[in-house]
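Read-outs: derived from the displayed coordinates by stated rules, not from any lab. Note that this is a predicted model, so its numbers are computed, not measured. Heads up, the Cβs are rebuilt from the backbone with ideal geometry, glycines too, and the neighbour counts pull from every protein chain shown.
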Amino acid sequence: MARIDSAVAATLNTGIGALTLGTNLFTGPLRPAGNKIPGKAVFVMASGGPQPRSYSDGGSGHTLREPSVQILCRGEAGVGALSDAQTLADLVFNAVEKFKPAGAIGAFTVESSPNYVGTDEQGRHIFSVNLKCWKRSDT
């Protein structure tokens, strides 16, 4: 079964021209800007979900999983940075709203728009986009 965070990152990699996996788009937690991590970047991380549920589909035993994914969008610091960070978060939100990542039945955004998280130590603005996904697996 494919990792849901990798599937979401792949969707963003192909769906938003300004994002490139491994350059300014990463799986895993938010990391500080530095040598190989730019200030303006997006981080995609699986963040849990409820306990899997078993169900029967015409006699076949399956498990329904509902993994959550959090996407953190960080902009640069400075004048106009808040607007730029929000634009990035809006692009991400629009790319993943009601989409179907590879290996999943479907997904949807939990909120109606990106959430403003605040700033990091360098004054870079951060927004989050939260997803709920559905995956089916054989038991």
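Residue-wise HN-Hα couplings along segment 113-124, as the Karplus relation 6.51 cos²θ - 1.76 cosθ + 1.60 with θ = phi - 60° gives them from phi, are 7, x, 9, 7, 8, x, 10, 8, 5, 9, x, 7 Hz; Gly and Pro carry x. Rounded to the nearest 500, the helix-only mean residue ellipticity at 222 nm of the chain stands at -6500 deg cm²/dmol, with each DSSP H run of n ≥ 4 adding -39,500 (n - 2.57).
Taking the chain as a Gaussian network of alpha-carbon nodes connected by springs under 10 Å, the highest mean-square fluctuation of the residues 83, 113, 128 belongs to 83. Give, to the nearest whole percent, the P(r) tail of segment 81-126 beyond 14 angstrom, counting all Cα pairs. Value for segment 81-126: 56 percent of Cα pairs lie more than 14 Å apart. Placing unit charges on the Cβ atoms of the charged side chains and taking the dipole of the chain about its Cα centre, the candidate lying farthest along the positive direction among 41, 115, 51 is 51. Remark: 76, 97 ranked as 97, 76, counting other beta-carbon atoms within 10 Å and listing the fewest first.
Over segment 1-112, Cα pairs under 8 Å with separation of 6+ residues give a relative contact order of 25 percent. Of all the options 53, 65, 74, the one that moves most in a Gaussian network model of the chain with Cα springs shorter than 10 angstrom is 53. Subtracting the Cα-Cα distance of residue 130 and residue 20 from 0.36 nm times their residue separation leaves 37.6 nm of extension gain.
Once phi is turned into ³J(HN,Hα) by the Karplus curve 6.51 cos²θ - 1.76 cosθ + 1.60 with θ = phi - 60°, what whole-Hz value does each residue of segment 62-73 show in order, with x for glycine and proline? Values per residue, Gly and Pro as x: 9, 10, 9, 10, 10, x, 9, 10, 10, 10, 9, 10 Hz.
Could you give the length gained on full extension between residue 119 and residue 37, defined as 0.36 nm per residue of separation minus the Cα-Cα distance, in nm? Write down the numbers at each step before the final one.
Values: separation 82, 0.36 × 82 = 29.52 nm, distance 1.65 nm.
Additional length available on full extension: 27.9 nm.
Order by neighbour count: 16, 71, fewest other Cβ atoms within 10 Å first, most last. Don't jump to the answer; show the numbers that get you there.
Values: 16 17, 71 26.
By the 10 Å Cβ count, ascending: 16, 71.
Candidate values [x] 35; [y] 79; [z] 31 were compared with percent of Cα pairs over 24 Å apart computed on the shown model; the agreeing label is [z].
In order along segment 28-40, the phi-based Karplus estimate (6.51 cos²θ - 1.76 cosθ + 1.60, θ = phi - 60°) of 3J(HN,Hα) comes to x, x, 4, 10, x, 5, x, 3, 10, 10, x, x, 8 Hz; Gly and Pro are listed as x.
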